[in-house]
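Here's the structure we're looking at; comments come further down.
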Ligand code: DOR
């Protein structure tokens, strides 16, 4: 076969302002041609196949949406170190099943990715078993201990694209300043986990009604906003490209908005769980399921969630990232304060976030904007670091990293269907609409949903 034709789908590519029915042709791993139908009602009419039809594998995707493969700047693959939770093979299978074609994997592995050796190990394993494109994130400090800088140059040569102590906050401003200086001169993204360690230590829940109800000490939103403002000021002073991970509070959204108004090159992400869940949801869960709701930073108040959604709509929150964080059942099935923080997200992020589109119909959050936040904007942030100008787009000539999403089926999230090795998410049992049916990476089928 000399090509693949996706026929009759709704093509959604915010980077080209396309939202029309048409055909998309893949050749030699790249997007070769897009034909927009002059007759949206009968998509196949008026379009030619382009080339010898017998040499082309044709997929009829009418009724489905063809979109650029999703890009996630925040995943934990637990490889090396925790194969019972996840491996590069299982985590990237979950990514492909969720429509992701490029992901960044965080450094809190075992051993920590703080040296060129570990970076190379990760990339070697990716070459052998990854189903999607993976770029490692290196640690900022050795062992994530916050005491001395990791081998930044070695890791950059080894292949990292970003540095982060994610899971931990770098408390020492001088170390972070030096890391940002280095990052600015070596075109590396700095991904910040913003939780003041003193304000958040032993406070695993948002400071509010739910904390009071459960009798657990809660962390103030200040724990996040103090660090967000510090890191913005450090980025301003050093010229570093700063990306703020898992933003959860209204106060932080305001600070980011102001920093952007000053023209700073910063970006910010929110997770599906911080956008779709509130701290009070913990109380509605059965006691033995409450640990599933523990994440760092914690789920916040209604007020914070509303501010986060507004930030997402207006673009202050540039993108959605999963913070896919696999844990074992026995680490989550514990009283809230003893459970490990984190939930998985790669398999289900798009159908979950599709609910934001429904929910916000009146306030104009369109599917196209959702694709922008999950593919185009992360692509724009990562593109310059990789030297790729067409990441997260369906532009002709771009690598054929593509997802096909059928927006019609209604279904209930079932952990038996996860490709991730872990099952820790409170979204199991939630009714959602729409699912990924195919994912292509460099024009090769990385995932195809089995027909029942
Ligand atoms: O909830 C979280 N879990 N937040 C993080 O920042 C780290 C992650 C993990 O690695 O489990």
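Here is how the numbers come out for the structure above:
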quantity	calculated
Flag if residue 269 is assigned to a helix (DSSP H, G or I), under 16 Å from residue 305 (Cβ atoms) and under 22 Å from the mean Cα position of the chain (by Cα)	no
Members of region 169-188 that are over 11 Å from residue 238 (Cβ atoms) and more than 16 Å from the ligand (Cβ to nearest atom)	172, 173, 174, 175, 186, 187, 188
Number of the condition not met by residue 15 [criteria: (1) touching a strand residue (DSSP E or B) at 6+ places or on another chain (Cβ under 9 Å); (2) more than 16 Å from residue 398 (Cβ to Cβ); (3) modelled with pLDDT of 70 or more]	(2)
Qualifying position, being farther than 30 Å from residue 332 by Cα, surrounded by fewer than 21 Cβ atoms within 10 Å (Cβ to Cβ), free of Cβ contacts under 8 Å to residues at least 40 places away in the same chain and in contact with a strand residue (DSSP E or B) (Cβ under 7 Å, 6 or more places away or on another chain), among 448, 388	448
Complete set of residues in region 275-304 that are part of a helix (DSSP H, G or I) and surrounded by fewer than 22 Cβ atoms within 10 Å (Cβ to Cβ)	275, 276, 281, 283, 284, 287, 288, 289, 302, 303
Scan of region 234-245 for residues that are crowded, with 24+ Cβ neighbours inside 10 Å and more than 16 Å from the ligand (Cβ to nearest atom), ordered by number	235, 240, 242
When residues of region 318-335 are limited to those that are part of a helix (DSSP H, G or I) and away from the ligand (no atom under 13 Å from the Cβ), the one farthest from the chain's Cα centre (by Cα)	330
Residues satisfying the stated conditions in region 283-295, i.e. in contact with a helix residue (DSSP H, G or I) (Cβ under 8 Å, 6 or more places away or on another chain) and more than 14 Å from the ligand (Cβ to nearest atom)	283, 285, 290
Among (1) within 16 Å of the ligand (Cβ to nearest atom); (2) out of contact with any helix residue (DSSP H, G or I) (no Cβ under 9 Å at 6 or more places or on another chain); (3) under 29 Å from residue 378 (Cα atoms) - the single one residue 263 does not satisfy	(1)
Residues being more than 16 Å from the ligand (Cβ to nearest atom) and in contact with a strand residue (DSSP E or B) (Cβ under 6 Å, 6 or more places away or on another chain) - total across region 159-168	2
Those residues of region 191-228 which are free of Cβ contacts under 8 Å to residues at least 60 places away in the same chain, away from the ligand (no atom under 16 Å from the Cβ), part of a helix (DSSP H, G or I) and surrounded by 19 or more Cβ atoms within 10 Å (Cβ to Cβ), in sequence order	225, 226
Among the candidates 248, 301, residue that is more than 20 Å from residue 372 (Cβ to Cβ) and more than 15 Å from the ligand (Cβ to nearest atom)	301
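The values are calculated or read from the model by the stated rules, or taken from the named source; none is laboratory data. Since we're looking at a predicted model, the values are computed, not measured. FYI the Cβ positions are ideal-geometry reconstructions off the backbone, even for glycines, and counts take in every protein chain you see.
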